[in-house]
Amino acid sequence: MEDIFKISKDKRRAKDLYFMAKERLEEIIPVLPKDKFYKLIEEYYEVIVQLITSLMYNEGYKTLSHVGLIGYLSKNHPEFERGEMILIDSLRKMRHGTVYYGRRAEKEFLINHEETIRKIINKLIVIMKKKLQ
């Protein structure tokens, strides 16, 4: 993957990103209006991005693209299933559509996928918690 760079491991930055993601998950997402599905999806995606970025800094890697983040996770962490990787990429595309084109994700998407999204996030949290000890 040409957009992934080897860097010095940055445990402090990894830890800061981990705690920011947890704060977003535990304090920001719960207070969002439940009828703003697009905003909930966007915030879940940002949590995933922060956790993958944290993981990469902890392992000594960096990327400038969201596609690179997803590719890194897929290639280096086989504990994530193909379906989970596809879902993360779908979230990326939805967030892009929301941020740059004003498209709003549908309620059904969140209803159908929220449990799996939270499972992915929890998996990332467990991995990072172990690595930060």
* Pairs with Cβ under 6 Å, 6+ apart, first in the range 116-132 and more than 14 Å from R24 (Cα to Cα), second surrounded by 14 or more Cβ atoms within 10 Å (Cβ to Cβ) and among the basic types (K, R) -> L132/K15
* So M94 clears everything in (1) under 13 Å from I48 (Cβ atoms); (2) at pLDDT 95 or above; (3) not aromatic (F, W, Y) except one condition, right? Which one? -> (2)
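State the number of residues belonging to the range 93-105 that are among the small types (G, A, S) and either assigned to a helix (DSSP H, G or I) or buried (at least 17 other Cβ atoms within 10 Å of the Cβ) (or both). I'd like the intermediate steps shown before the answer.
Keep residues of the range 93-105 that are among the small types (G, A, S), which gives 97, 102, 105.
Going one step further and asking which of them are either assigned to a helix (DSSP H, G or I) or buried (at least 17 other Cβ atoms within 10 Å of the Cβ) (or both), we end up with 97, 105.
Summing the residues that are among the small types (G, A, S) and either assigned to a helix (DSSP H, G or I) or buried (at least 17 other Cβ atoms within 10 Å of the Cβ) (or both) in the range 93-105 gives 2.
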* Asked: Which pairs do you get when a residue that is closer than 13 Å to S54 by Cα and in contact (Cβ under 8 Å) with a residue 60 or more places away in the chain, found in the range 3-14, comes within reach of a residue that is assigned to a loop (DSSP other than H, G, I, E, B) and among the β-branched types (V, I, T), reach meaning Cβ atoms under 7 angstrom, with the pair 6+ apart or on two chains?
  -> none
* Could you give every pair whose Cβ atoms fall below 9 Å, whose first residue belongs to the range 50-67 and is without any contact (Cβ under 8 Å) to a residue 60 or more places away in the chain, and whose second residue is part of a loop (DSSP other than H, G, I, E, B) and hydroxyl-bearing (S, T, Y), counting only separations of at least 6 or pairs across chains? -> G60/S8
* Asked: Would you say Y57 is buried (at least 18 other Cβ atoms within 10 Å of the Cβ), hydroxyl-bearing (S, T, Y), at pLDDT 95 or above and within 13 Å of L124 (Cβ to Cβ)?
  -> no
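The values are calculated or read from the model by the stated rules, or taken from the named source; none is laboratory data. Predicted, not measured: the structure shown is a model, and the values here were computed from it. All Cβ positions, glycine included, derive from the backbone under ideal geometry; neighbour counts span all protein chains shown.
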